[in-house]
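The values are calculated or read from the model by the stated rules, or taken from the named source; none is laboratory data. Every value quoted in this text rests on a predicted model; they were computed, and no experiment measured them. Cβ coordinates were reconstructed from backbone atoms using ideal geometry, including for glycine residues, and neighbour counts include every protein chain displayed. Quick note on the areas: whole protein, heavy atoms, side chains included, nothing else; ligands and nucleic acids left out. Shrake-Rupley method; radii C 1.70, N 1.55, O 1.52, S 1.80 Å.
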Amino acid sequence: MYLELQQQLIVHVRDLLKRQYDLELPRIVVDQPPDIHLGEYALPLSFELAKKLRKPPRKIAEEIVAGLGQISGFEKFEVAGAGYINAKLNRAQAAKLILQESLGKTAGSEKILVEHTSINPNKAAHIGHLRNAILGDTFVRLLRASGAHVDVQNYIDNTGVQVADVVAGFIHLEKKGKAEIERLIHDPARPFDYYCWDLYARVSQWYEENKENTKIRLQVLHEIEQGGNEAAEIGEIVSTAILRRHLETMQRLGIQYDFLPRESEILHLHFWDLAFEQMKQKGVLYFETEGKNKGCWVMRRAGSKPAEQQPEGPDEDAKVIVRSNGTVTYVGKDIAYHLWKFGLLGRDFGYKHFYRYPDNHQVWISAESSEPEHPRFGGVHAIYNVIDSRQSDPQNNVIEAIRGLGNEEQAENYHHFSYEMVALTPGCAVELGYDVSEEDRKRAYIEVSGRKGFGVKADDLLDALITAAQKEVDSRHPELSESERRNIASQIAIGALRYFMLKFTKTSVIAFDFKEALSFEGETGPYVQYAIVRATNIFRKAGLDPDQFLSSNAKPSWSSNAKPSWSAAALGCGENSSQVNENLPNGNPEPSAPKVEERAFMPVSQEKKEGALALVDFLFLDDDEIWQLWLTAGQLSSIVQQSIITLEPAYIAKFAFQLAQQFNNFYHKHHILTETDEARKQFLLATAAVVRRVLIQSLGLMGISSPAVM
RNA sequence: GGGCCCGUAGCUCAGAUGGAUAGAGCAUCUGCCUUCUAAGCAGAGGGUCGCACGUUCGAAUCGUGCCGGGCCUACCA
């Protein structure tokens, strides 16, 4: 609603400027007035025009207001302050649009690929990985809600040094063979990823104790890359087992993937050879004959000056792609992989089944040859790589290589979805029992390190959240069954965790603190969930169905048949889920997809007959506070669009919290069920129903479900 | 040395496109449960927006220079 009317306003203003002053402004700024009684939109353009037109801003504003006349949907325009033009909406008309508003999928076009999670398969997932996966998954939900066709990939570096380290640990430190490792994998007493978490830390220590040991590391790495030996077999067993653990951990949070490309196939299917040829041909790579990079194939670094402007001698700043011993670096392999993503490599992965989620969604994994009837991935129009900011340099190298190969458009559509890391506060580290040096205690935060085994494991955090939530639910709802209480506690825990990871903007380092993360009060997911429960309770006590109450007027098009992509069953919480699930976008993307920039929400056709809500008297909207609630609810589509364009899911989190806050205020002020004026009661019910729906949708976009009771 | 990011209330953070009196949460203090659930609401205190110049009718926001902190800058991944 909000965005559509804003665009209409801009069109009219632009038209007027052209007619009245023969002026064209590159951009017409639209703000919101400080208080809603002033209107819904504020145009500060008179100030900008004052100099050009040599008139005082107030005079210009008056002329524009006079010239605008009547615009459909708008009540009136007013001049305020030193020269602002405030636009007031026709509240009743706008409210009807908000009632009818729902997510519509527009006709589609290109496919989008989002890569996230991508945890080295050698240890348990920790809080840093959670931020990555939650940001990525939420972004996927936003894209899909806007109608895009998205493939979700989780890249598996199963042949890298980190896996090699754990393999070296098994072979040389623990002297364990395949059979013993298999036993550990199936040990019910201890998850295998937890076992490897400790082993990885011990191996890193072992390297530090004796430099000789690092020779073993390189040897093991080499064997794994080669394949067909004991180390490679152990590497395969270990990395696959841990990958399964990662999928289970992420599944607890409602996060699923479509395809798991592995580095082993990039190696064995010789993706690099094809990329190498292309890069040599196009001159992106050149053979360095002198300086420190002598004997290597190198690439000019992004942002460095072109050759002509370089000082004499070799470009020491260049990025090594092929080492002097002939092996390819990580960036080299990544270039080949990204050429594949855009369909520019000329070779495909093989595909085989790997895992089936409880909702029957299939995950495919790369293979050297394909199973019959497999889907294809890659060859997409745009990509989003959710990778922390520390990797922006290698990411830029890959983009530069793609651009250098003549793929300007693909380079533009290559998005490094960059975010800052999660770190521990020194206090938190001490609390966890880690040795913290004097120096580290003075720091604001300490980086999480898998190598040091320093961090909070994802499953541990989620368990702690469930335990805390369960305690609360048990005391509040002793009448519910154990599995119902468990289910609700899970939903609250997930809500708290996902919201916590989303409430910070990407550029902010999260200094992890247990007290904050385990909180269910204030700016948290459960706060929003609770507001929804309150709204639901009103309808339950009134003997009404809030969705029916709305659908008699307009029906959300995504409510009926969209099954949640993660059900109560998926969480091991029994069949009868009490969660409200209209909010969760379908896990199976439609074959068609619109451009991201297009509107996410479209009004449902106007012909829908008006039912019970036809009785609602919108004159009650003259209450500014209640109208503010409606207006905020009408801004969801605008927020979704902004989140997608700026790659900032935090906006959704902020929005959901603000709307919940306004609703709680409303809830406290207006006691709906005891309202004696029937018309007013209907209006208040409509308000609660609309806000409830938008809150559920907002949480759904963040992968948070709404419990029926709390 | 070069690149990127951060610095806003005691703490943790919002303040997109420059716009009307700088906002939340936590913490502290004071009220509010016989009401649709207090995981809530209302109120109070708390600010040289790191510093200095500059651009502008207007700067927390843009530019330059400092100060403080973080990350990256490997023939690691």
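When A:Leu53, A:Leu99 are screened for being modelled with pLDDT under 90 and buried (at least 19 other Cβ atoms within 10 Å of the Cβ), only A:Leu99 passes.
Counting just the residues of the range A:249-301 that are of a type in the set (Lys, Arg) and in contact with an Asp or Glu (Cβ under 7 Å, 6 or more places away or on another chain), which one comes out surrounded by the most Cβ atoms within 10 Å (Cβ to Cβ)? Filtering first and then ranking leaves A:Arg300. All conditions but one from (1) open to solvent by less than 20 Å² (accessible area, probe 1.4 Å); (2) within 11 Å of RNA strand B (Cβ to nearest atom); (3) at pLDDT below 95 apply to A:Val320; the one that does not is (1). Taking the criterion of being among the hydroxyl-bearing types (Ser, Thr, Tyr) and either crowded, with 19+ Cβ neighbours inside 10 Å or in contact with a Cys (Cβ under 7 Å, 6 or more places away or on another chain) (or both), the residues of the range A:668-703 that qualify are A:Thr687, A:Ser698.
Exactly one residue out of A:Leu339, A:Leu344 is in a loop (DSSP other than H, G, I, E, B) and closer than 19 Å to A:Pro261 by Cβ, and it is A:Leu344. A Cβ distance below 7 Å, combined with a sequence gap of six or more or placement on separate chains, defines the contacts here; from the range A:512-540, residues that are more than 7 Å from RNA strand B (Cβ to nearest atom) reach residues that are open to solvent by 50 Å² or more (accessible area, probe 1.4 Å) in the pairs A:Phe514/A:Glu431; A:Phe539/A:Asp545. Here A:Ile492 fits the description: near RNA strand B (Cβ under 6 Å from one of its atoms) and in contact (Cβ under 8 Å) with a residue 60 or more places away in the chain.
Restricting attention to the range A:233-248, and to residues there that are within 11 Å of A:Ile181 (Cβ to Cβ) and among the aliphatic types (A, V, I, L, M), which single residue is surrounded by the most Cβ atoms within 10 Å (Cβ to Cβ)? Looking at the filtered set, the residue picked out is A:Val238.
Residue by residue, here is whether (1) of a type in the set (S, T, N, Q); (2) open to solvent by 10 Å² or more (accessible area, probe 1.4 Å); (3) more than 29 Å from A:Ala517 (Cα to Cα) holds:
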site	(1), (2), (3)
A:Leu130	no, no, no
A:Arg141	no, yes, no
A:Arg144	no, yes, no
A:Gly147	no, no, yes
A:Tyr155	no, yes, no
A:Thr159	yes, no, yes
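The set of residues from the range A:24-50 being of a type outside the set (S, T, N, Q), closer than 30 Å to A:Leu621 by Cβ and open to solvent by 80 Å² or more (accessible area, probe 1.4 Å) comprises A:Pro34, A:His37. The condition of being within 11 Å of RNA strand B (Cβ to nearest atom) and modelled with pLDDT of 95 or more holds for A:Ala660.
Condition first: among the acidic types (Asp, Glu), near RNA strand B (Cβ under 10 Å from one of its atoms), part of a loop (DSSP other than H, G, I, E, B) and under 15 Å from the mean Cα position of the chain (by Cα). Can you find one or more residues in the range A:668-687 that meet it? Looking through the range A:668-687, none of the residues is among the acidic types (Asp, Glu), near RNA strand B (Cβ under 10 Å from one of its atoms), part of a loop (DSSP other than H, G, I, E, B) and under 15 Å from the mean Cα position of the chain (by Cα).
Okay, residues lined up against (1) in contact with a Gly (Cβ under 8 Å, 6 or more places away or on another chain); (2) outside any helix (DSSP H, G or I); (3) closer than 28 Å to A:Thr249 by Cβ:
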{"site": "A:Tyr195", "(1), (2), (3)": "no, no, yes"}
{"site": "A:Leu199", "(1), (2), (3)": "yes, no, yes"}
{"site": "A:Val203", "(1), (2), (3)": "yes, no, yes"}
{"site": "A:Gln219", "(1), (2), (3)": "no, no, no"}
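Here the range A:334-375 is the region considered, the condition is being more than 27 Å from the chain's Cα centre (by Cα) and of a type in the set (S, T, N, Q), and the residue that is least open to solvent (accessible area, probe 1.4 Å) is A:Ser370. Residues in the range A:475-489 that are touching a residue at least 12 places away in the same chain (Cβ under 8 Å) and not hydroxyl-bearing (Ser, Thr, Tyr): A:Arg476, A:His477, A:Leu480, A:Glu484, A:Arg485, A:Arg486, A:Asn487, A:Ile488, A:Ala489. Scanning the range A:17-34 for residues that are more than 40 Å from the chain's Cα centre (by Cα) and among the acidic types (Asp, Glu) yields a single hit, A:Asp22. On the given criteria, is A:Glu75 over 35 Å from the mean Cα position of the chain (by Cα) and open to solvent by 20 Å² or more (accessible area, probe 1.4 Å)? The answer is yes for A:Glu75.
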